[in-house]
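Scroll down for the structure; my scribbles are underneath it.
Any read-out appearing in this document is the output of simple, stated calculations on the displayed coordinates, not a laboratory observation. Just so it is clear, the structure is predicted and the values come from calculations on it, not from any experiment. Neighbour counts run over all protein chains shown; Cβ positions are idealised from the backbone, glycine included.
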Amino acid sequence: MAISVQAGLPATNFGNTIDNEARKTVYAGSLKAFVSNNVDDRIAARTASAKKDAMRLISDAWKRNEAIHKDIDDLNLQKRSNAEEKTLLESQYSVALNERAAVKEKYNVDPESEEQKDLDLLVKIQDWSNHVPGSVPPSMDDCKRFNEIKDKPLTAYQSEYLLANDKVGKTAYGIEIAKITGQQITQALTNAQSTIDKDSSMVKAQASAEEIMESLAETVKTMLIQDGVDKTRKEQEEAEERAEEKAKKQEELEERIDAAKADENRKQDEEREIIDGESDIVVTKVYNTENTKVDSDIAQAQKNIKDIVEKQMLLNDDLKGIEFDLKL
């Protein structure tokens, strides 16, 4: 399964000890951006941290795998070098064998001669000293005989043959070492390849990285949901605050309206009182004016009656009732 990361959302020894510990590891530096109140910033920070952890797991596993492949490359290089050295030694060994045969043919010494028998003992000791494959250690009799002849000068045949045999022995030993080295390299290559075949660190690292990213997806989902809840709660609180503010303003408006109405009523009452007072004054003036007019009319009437009486010479007693009525 391939790992995919959407930006809009959020060991040196892998063996069997991967990764549960690595997955539990929290790097303090990656927490710095998580204090942001912006959900996009927090998701981006969490995503970057998860990607870093996932890549660390894969990178460590890859480095280990790469180190094994490098070991294999080095072993293959050693194997080729050893094979070349072995081929060269085999060529030198063949030349040394020919040289030794040529010396023997050149001198053609009797195999039963004392010179040849002494040479055979010296060759046996030389081969043992040169670690020639198949050589055997000298016996007690060989050592006793060697002590008897060691100070005897070598013949030309013995000297040349021992020189050629020394080359044969040393190249034979070199070939044997190269053969053993080749076997060891081959075994090491087999072990290394087996380690790669059995090594599950990359698989485990991949699985761990996928788990990290899957966990990231769940975390981001939770963060988005929580952010939605927080935003909804905040919007509700802001709406409630606006409603409270509106109600408060409405209440203040109504209070001002009521105060204005009360003030208007007060003014109207004051004006009414003023009007009523002025009306009383006018009525009083009118009444007084009317009374004055009536009195004047009565006086005039009386004067007229008096004139009539005088003219008609009426008796005052007959007119008393009229005067009385007019006064009423």
Worksheet item: By count of other Cβ within 10 Å, fewest leading, how are TYR107, TYR161, TYR93 ordered?
Response: TYR107, TYR93, TYR161
Worksheet entry | Built amide H within the under 5 Å cut-off of ASN130, gap 5+ | none
Practice prompt. Using a 10 Å cut-off on Cβ atoms, rank the peptides 79-90, 147-158 from the highest mean neighbour count down.
Written response: 79-90, 147-158
Worksheet, complete the sentence: Highest mean packing first, using Cβ neighbours within 10 angstrom, the peptides 97-105, 244-252 sort as 97-105, 244-252
Practice prompt. Rounded to whole Å and sorted largest first, list the principal axis extents of the Cα atoms in the stretch 86-200.
Written response: 70, 32, 20
Response to the item:
For the table LYS70/LYS167; LYS52/LYS231; LYS106/LYS150; LYS221/LYS248, the rows whose alpha-carbon distance is greater than 32 Å are LYS70/LYS167; LYS221/LYS248
